[in-house]
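Beneath this line is the structure, given in structure tokens, with notes to follow.
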Amino acid sequence: MKELECRNWYMRVVMEYDQKILPCSMTASLVKFFMKSAITTLFGEISSAFPLDILKFDEESKEVIIRVPKDNYAKVRAALTLCSATMLEGAIIPIIYTVEQASSCLISLDGPQKQLA
Amino acid sequence: MFRAKGFCDLNIEAENSNLKESVLKALSLGYQTIAINQNVTLPSLEKSGSKKRKGAEEGNGSIVPVPVTVNLSSADLKRYKITREPVILTRITISYTDPSSPYLLKSADAIRQYDLIAFVPENDATLKQVMTGKIDVDIISLIPNSATYQLSRSLLKSSMERDVYFEIPYSPCITDVHARKQIIMLSHFLHRTCKSSNIIITSKAKCPTHLRYPYDVINICQFLGLSEIASKAAIGTMAHNAVYCASARRRGVSKCAVQITVSPDADECKKFVGIESAEEYMKSYKTGKRKLSEKCKAKKKKIKVDKSNEVDDSGVIKF
Amino acid sequence: MFEPNVTEFPAPESHVEFSYHSWDDPKLESTFRQLIDEHPFNRKIGILLPGLSESPKEIKKILVDDTDYYHISELPLSVFCTPVFLEAFLQSGKVYAISCDARLDLDNVAALTPDGWLILLLDKFSYQELQLDGKLSAHILRRPKERYVVKVNLKENFIPGKPYYKKVVRALSYVQLKFNFWISWVPNDAEVCPSSIAKYFDDEGYHVAVRRTSLSSSIILNAYVPVIEKETSDMDLYKAEDILEYIGCSSLGIKLTEEGTSVCDVLNPKPNRIMKSICTVRSVGFFIPSQSRELIQQIRSVLEETDEEVLPWAAVTVYGHIDSVVTWNLMENSYSVNGDNFYTILITRNQVWCYKVSGPRKPCRFFAKCNKRI
């Protein structure tokens, strides 16, 4: 069997935020903006220039599935963990990101989840 | 003797906006062992004049507060979908600058009530006193300021060999930009001095929003100078070892004595009188010449009975 | 002077292997044997059927009928060594047992494979108490010596009365390691009912619960589906990766676009065509390899019966148990930050594409390597 080189990593991220503080409703492009600003705060503009794709955004369950290049994965995950709040139109919005699953194959996110608690 | 299980978070501040909520959130995130921390700063002797000395004699252990515990009912655990049994410990963090201060010895009894004892060394003298003193310290918590970077490296390394663990908190990285840089500098300092061994990662959470998922914390540790396995050990096996060493220190030194008895109704040829005869017996047994029968023992027995050695009635050999 | 690493932060190790065969390729059987038969503990199956709006009855039947398994609580390991169990179940069939509530990287885990190997992954204290020989886990490079693997062969040289048997039984009874197991038994004799193992444990006094396989499905409407053409000998491996990504997107309900949006640059693999619906069937249970083989044969026959326009191809993903001690061929499973343990098979009328995804294999260093630049 030949070895495939996985170029991307996929993460399932769950966000916690208060909808009432937001001036508008949360959309996929807003999520992308928040994530990029978190990466810029911690690692600078060069790391945030890497592609970050939002594959799925579910507003009810506040789950996002994102795709990042393999080399940037650790930095993106650390930036999302250490982010506590973002600025939007002068208001500070506290957001907490939890990366529940991460894998090099997207199908793995559909598989059985790890039960820690 | 308690033992830590699962992922450990050994520093949740007792001065918390909502202590019970923080503990339950940590348990639901996946941490199974939690230690509730109280900070104590012991006053130094220089500041206290004659008046304060009287007051100090009156209230000896009152500087050290009573351990704080959290009662978790099964309804709380169900609400947060926690299935595994939590292990909740108590911890105290002591900081003091003057090694000649008497408060440490006076409040030793009160300090021993806690499961884990942590210590903040302000200078070399206090570190040395703690390493050789009567208080058993389990965790060293370093403050990232210039005094810490001047601590003697040999003392830090010797404390490492005594199974004392260094703590790096990650919640300052979340709250404050300035604190984030300091924590990273501290972790690099530890990497340079002691190869990042004996390091545990804790949250130092003052409210429930400072807690993070364990695998996220493992990922952050890579940026603090730890390798992949070391970062997983920092909230896993290293923390287990810290708790185990702490409970072993509480118990004291374990001793055991060995008593050898030879049963009185054993075969005659198996009784030895002295070490030399035992060695001779073993040699002959190994070469296969010896068969354990009564006929052979008379002919092939090379063991000389040495009457100078005493043999007890029960067959116990006295050396 | 050790300087810490501040520049390179690589992603965790992950292996994806790929191979493709036509249906009459002689190597197909060995690939199937390596991929399917040597992967004993499977937790979830996902089937992707582009073009259909609901799954065919034959496929549902295979997933749900005869796939019951049993959950036994607080079972001590010494039960597997009793002469009754050895003769009645182990020698006359295949026993699949795995500990279900224990976490792989934190707790003690156990498994009993169909070949008769009892494999335990223990922490330092349990291993020292157990008194059986074991090795350091393959994923630890010298330090920290925290996880040990103990393997006992229950089928060969394990005769009651012999000294090795007595040693193992004494060790397992002394420590009393108890786990919650999922158990399934396939008897050699077709007339014996597989549920007799549940009755045996129930008679011994353990709490046994029957678990049924669950079934659920979801649909995506009006999506693009890639056309899988018959591949020649040198295939572009990037295409294989894109198809795997597409299968993942469809299983999760993500619709890819042709040109890309402002938030997402992932495109549909080309060539493609639009179809009315894509159906995904998910089934959670405890599956054994023979059931996966049967499922693949059934899907192939469904493909041959339906028209190519209606159902162009199908994909089956079989996930292993995430806390399983072993993966393929009794290799030790690991879970450091992620643990993938599944395989995907893409079935067309002419070809079979196989993907095998496994987690990290190399043991990592505890101390970072010395950076001697300064």
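Of everything in region C:352-374 that is at pLDDT 90 or above and not aromatic (F, W, Y), the residue that is nearest to C:P10 (Cα to Cα) is C:V357.
Okay, residues lined up against (1) within 11 Å of another protein chain (Cβ to nearest Cβ); (2) in contact with an Asp or Glu (Cβ under 9 Å, 6 or more places away or on another chain); (3) within 23 Å of B:R112 (Cβ to Cβ):
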site: B:N123; (1), (2), (3): no, no, no
site: B:D138; (1), (2), (3): no, yes, yes
site: B:L155; (1), (2), (3): no, yes, no
site: B:D163; (1), (2), (3): no, yes, yes
site: B:H178; (1), (2), (3): no, no, no
site: B:R192; (1), (2), (3): yes, yes, no
site: B:I200; (1), (2), (3): no, yes, yes
site: B:P208; (1), (2), (3): yes, yes, no
site: B:D216; (1), (2), (3): yes, no, no
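For every residue, the table says whether it meets (1) at pLDDT 80 or above; (2) closer than 16 Å to A:V64 by Cα; (3) more than 8 Å from chain A (Cβ to nearest Cβ).
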residue: C:S233; (1), (2), (3): no, no, yes
residue: C:G248; (1), (2), (3): yes, yes, no
residue: C:E259; (1), (2), (3): yes, no, yes
residue: C:L267; (1), (2), (3): yes, no, yes
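Return the residue satisfying two criteria in turn: it lies in region A:78-117 and is within 14 Å of chain C (Cβ to nearest Cβ), buried (at least 20 other Cβ atoms within 10 Å of the Cβ) and part of a strand (DSSP E or B), and of such residues it is farthest from the chain's Cα centre (by Cα). Here the answer is A:S103.
Of all the numbered requirements in (1) closer than 26 Å to C:A11 by Cβ; (2) more than 14 Å from chain C (Cβ to nearest Cβ); (3) not in a helix (DSSP H, G or I), B:L226 misses one, and that requirement is (2). More than 13 Å from chain A (Cβ to nearest Cβ), in contact with a Ser or Thr (Cβ under 8 Å, 6 or more places away or on another chain) and touching a residue at least 40 places away in the same chain (Cβ under 8 Å): is that true of C:I228 in this structure? In short, yes.
The set of residues in region C:21-37 being among the aliphatic types (A, V, I, L, M) and under 18 Å from C:E231 (Cβ atoms) consists of C:L28 alone.
Among residues belonging to region B:177-223 that are of a type in the set (S, T, N, Q) and part of a loop (DSSP other than H, G, I, E, B), point out the one that is modelled with the lowest pLDDT. Can you show your working first?
Filtering region B:177-223 down to residues of a type in the set (S, T, N, Q) leaves B:182, B:187, B:193, B:196-198, B:202-203, B:209, B:219, B:222.
Those left that are additionally part of a loop (DSSP other than H, G, I, E, B): B:196-198, B:203.
On the way: B:S196: 77, B:S197: 82, B:N198: 87, B:S203: 91.
Here the residue is B:S196.
Of all residues in region B:148-173, which are in a loop (DSSP other than H, G, I, E, B) and within 18 Å of B:M131 (Cα to Cα)?
Filtering region B:148-173 down to residues in a loop (DSSP other than H, G, I, E, B) leaves B:151-152, B:162-164, B:170.
Result: B:L151, B:S152, B:R162, B:D163, B:V164.
Of the residues that sit in region A:38-64 and are within 23 Å of B:D176 (Cβ to Cβ) and hydroxyl-bearing (S, T, Y), which one is farthest from the other protein chains (Cβ to nearest Cβ)? Before you say what the answer is, go through the steps one by one.
Looking only at region A:38-64, we keep the residues that are within 23 Å of B:D176 (Cβ to Cβ), and these are A:38-45, A:47-48.
Within this subset, residues satisfying the condition of being hydroxyl-bearing (S, T, Y) are A:40-41, A:47-48.
Values: A:T40: 13, A:T41: 8, A:S47: 10, A:S48: 15 Å.
Per the criteria, the residue is A:S48.
Restricting the search to region C:203-226, which residues are within 28 Å of the chain's Cα centre (by Cα) and surrounded by 14 or more Cβ atoms within 10 Å (Cβ to Cβ)? Passing the criteria: C:Y206, C:V208, C:R211, C:T213, C:L215, C:S217, C:I219, C:I220, C:V225, C:P226.
Restricting attention to region C:338-360, the residues that are buried (at least 23 other Cβ atoms within 10 Å of the Cβ) and hydrophobic (A, V, I, L, M, F, W, C) total 2.
Counting only residues that are touching a Lys or Arg at 6+ places or on another chain (Cβ under 7 Å) and part of a strand (DSSP E or B), which one in region A:65-77 is nearest to the other protein chains (Cβ to nearest Cβ)? Outline the logic, then answer.
Residues of region A:65-77 touching a Lys or Arg at 6+ places or on another chain (Cβ under 7 Å): A:65, A:69-70.
Imposing the further condition that a residue be part of a strand (DSSP E or B) reduces the set to A:65, A:69.
Values: A:I65: 7, A:P69: 9 Å.
For region A:65-77, the residue satisfying everything is A:I65.
Surrounded by fewer than 17 Cβ atoms within 10 Å (Cβ to Cβ), over 25 Å from B:R3 (Cα atoms) and out of contact with any Lys or Arg (no Cβ under 8 Å at 6 or more places or on another chain) - does that describe any residue in region B:222-232? No.
What's the total number of residues in region A:10-57 that are assigned to a helix (DSSP H, G or I), touching a strand residue (DSSP E or B) at 6+ places or on another chain (Cβ under 9 Å) and not β-branched (V, I, T)? Quick ask: steps written out before the conclusion?
The first filter runs over region A:10-57 and keeps only residues assigned to a helix (DSSP H, G or I), leaving A:28-43, A:45-48.
Keeping just the survivors that are touching a strand residue (DSSP E or B) at 6+ places or on another chain (Cβ under 9 Å) gives A:28-35, A:37-38, A:41.
Retained after the next criterion (residues that are not β-branched (V, I, T)): A:28-30, A:32-35, A:37-38.
Looking only at that region, the number is 9.
Looking at the structure I just gave you, is C:E294 modelled with pLDDT of 90 or more and more than 14 Å from every other protein chain (Cβ to nearest Cβ)? Reasoning before the result, please.
Working: modelled with pLDDT of 90 or more: yes; more than 14 Å from every other protein chain (Cβ to nearest Cβ): yes.
Yes; evaluated as a whole, the condition is true for this residue.
The residue pairs whose first member lies in region C:46-59 and is under 10 Å from C:A314 (Cβ atoms) and aromatic (F, W, Y), whose second member is modelled with pLDDT of 90 or more and part of a strand (DSSP E or B), and whose beta carbons are closer than 7 Å, counting only pairs six or more residues apart or on different chains, do not exist in this structure.
On the given criteria, is B:R249 charged (D, E, K, R), in a helix (DSSP H, G or I) and either within 30 Å of B:S146 (Cβ to Cβ) or more than 8 Å from every other protein chain (Cβ to nearest Cβ) (or both)? Against the criterion (charged (D, E, K, R), in a helix (DSSP H, G or I) and either within 30 Å of B:S146 (Cβ to Cβ) or more than 8 Å from every other protein chain (Cβ to nearest Cβ) (or both)), B:R249 qualifies.
Sub-9 Å Cβ pairs linking a first residue in region B:13-30 that is without any contact (Cβ under 8 Å) to a residue 60 or more places away in the chain and within 10 Å of another protein chain (Cβ to nearest Cβ) to a second residue that is assigned to a loop (DSSP other than H, G, I, E, B) and not aliphatic (A, V, I, L, M), at least 6 apart or interchain, are B:L27/B:Y80; B:L27/B:R84; B:L27/B:P86; B:S28/B:Y80; B:S28/B:K81, ordered by first then second residue. With respect to the conditions (1) among the hydrophobic types (A, V, I, L, M, F, W, C); (2) part of a loop (DSSP other than H, G, I, E, B); (3) in contact with a helix residue (DSSP H, G or I) (Cβ under 6 Å, 6 or more places away or on another chain), C:A138 lacks only one, and its number is (3). Applying the criterion of at least 1 residues that are farther than 24 Å from C:K151 by Cβ and within 14 Å of chain A (Cβ to nearest Cβ) to the strands (runs of 3 or more DSSP E) found wholly in region C:9-112 leaves C:15-22, C:42-50. Looking only at residues in region A:1-40 that are under 30 Å from C:I345 (Cα atoms) and among the basic types (K, R), the one that is farthest from the chain's Cα centre (by Cα) is A:K2.
The values are calculated or read from the model by the stated rules, or taken from the named source; none is laboratory data. The structure presented is a predicted model; accordingly, all values stated were derived computationally and were not measured. As a convention, Cβ positions derive from the backbone with ideal geometry for all residues, glycine included, and neighbour counts pool all protein chains shown.
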